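Structure, as structure tokens:
The values are calculated or read from the model by the stated rules, or taken from the named source; none is laboratory data. The shown structure was predicted, so the numbers you read here are calculated from the model rather than taken from an experiment. Note that each Cβ is placed from the backbone with ideal geometry, even for glycine, and that neighbours are counted across all protein chains shown. Surface accessibility is based on the protein's heavy atoms, side chains included, excluding ligands, DNA and RNA. Shrake-Rupley method; radii C 1.70, N 1.55, O 1.52, S 1.80 Å.
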Amino acid sequence: MGKRIVVGMLIAFSFMLPVYGHLSGAFADFLAIVHDRSTLDQLTGEMEETRRQIEELQPEVDDLEVRFKDQQHTAVEQLQLYADSGLDVWLSMMQDGDDAADLLGSQWLMERGINSYLEGLNGLYLQYQQLNAQKESLEGHEELLSVIEFNLQARDQYLSDNAGLPLEQLANYLDIDWVSEVEYPLIDAFQQDQHLIDAHLADWFNASSENQLNENWLNSQSELRYFFRKDHIYVEYKIEEGHVILLGQLLQDQDGKSAALVFEAGFYNGFYLPEELLEELIGFTLDYSVAGKLYGLEHLYFTQKDGALELHRK
């Protein structure tokens, strides 16, 4: 039994990254090296830099939000004025004998005024949304870094608690814990998520931004925690007995009828999961037919973005 985790521990202790050539980003580097203080230092530095960027963005986001709400209030008042007075003005002009050209010209001026307000408000809203999305992306990055840090700390704690034991024995203990405490509940959690998605995929779309599936909806109902990022989808499973991080991508099936979350690497309490264990973990599948009926589209595919999966048409 212990031979499975031994492979993962040997890979980790090798201080090399041959298994991670297909992984992008710093996260694989953080997780791939054991007992290298510079790894934790680098992680801490990135977390501090991320927090600094969030703090710098916050005042600008707050300012844009206030300006948008102020202009929104002004626009609502102006539109209400047009609504209240528009019919009165129209009737008055008709009673004064104005011809059709004058009436249409006055209507055009009124519509132009309304459109001007709406365009200005929409432009400000887009600025706010873009900046706020950047801040939320950084916040998601910070949360993911914290998850990575927790996984590294779990590894250090495990090594400290079992100092002096031979590698074979360390791996055997890990393997026993994985099989008895983690593996089957984790598989069940993925199956529960698949049942949820199969039954409520349309609800997920409706609860998200247009043509998107936001991670928050799934996280609010799952035992797992998903981080949708541009480079990978990260999944966290946290229980008292252990901490798991999985890295994967949403890939389109060969038949083009669905897309599935396929895992490329995983870490249990900071130790690399061998391929044979990773293969037992099946991520969710998204059926394109549900989205096709919802939006009246065909030939669909998803792309990953920070915080969401975005639906596109080929």
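Data table
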quantity: Sequence of His195, His243 from largest to smallest accessible area, 1.4 Å probe; calculated: His195, His243
quantity: Compactness of segment 126-212, expressed as Rg and Dmax over alpha-carbon positions, Å; calculated: 20.2, 59
quantity: For Leu273, distant residues with modelled amide H under 5 Å away; calculated: Gly266, Phe267, Tyr268
quantity: Solvent-accessible ranking of Thr303, Thr50, largest area first, probe 1.4 Å; calculated: Thr303, Thr50
quantity: Computed label-point distance, nm, for sites His200 and Glu276 using a 7 Å Cα→Cβ extension; calculated: 3.8 nm
quantity: Global geometry of segment 147-262, whether rounded, prolate or oblate, following the gyration tensor of its Cα atoms and the 1.5 cut on a/c; calculated: prolate
quantity: Cα point-scatterer Debye curve for segment 188-314, base-10 log of I(q)/I(0) at q = 0.19 Å⁻¹; calculated: -1.08
quantity: Calculated FRET efficiency for the pair Glu241/Glu168, C-beta based, R₀ 25 Å, to 0.05; calculated: 0.70
quantity: Heavy atoms of Tyr184 accessible to a 1.4 Å probe, total area in Å² rounded to 10; calculated: 140 Å²
quantity: Area accessible to solvent at Asp255, 1.4 Å probe radius, in Å²; calculated: 100 Å²
quantity: Long-range amide H partners of Gly307 with built H, under 5 Å; calculated: Phe228, Arg229
quantity: Exposure rank, largest accessible area first [Arg229, Arg51; 1.4 Å]; calculated: Arg51, Arg229
quantity: Residue-level accessible surface for Val262, protein heavy atoms, 1.4 Å, Å²; calculated: 70 Å²
quantity: Accessible solvent surface per residue of segment 149-202, calculated while the other protein chains remain in place, 1.4 angstrom probe, Å²; calculated: 50 Å²
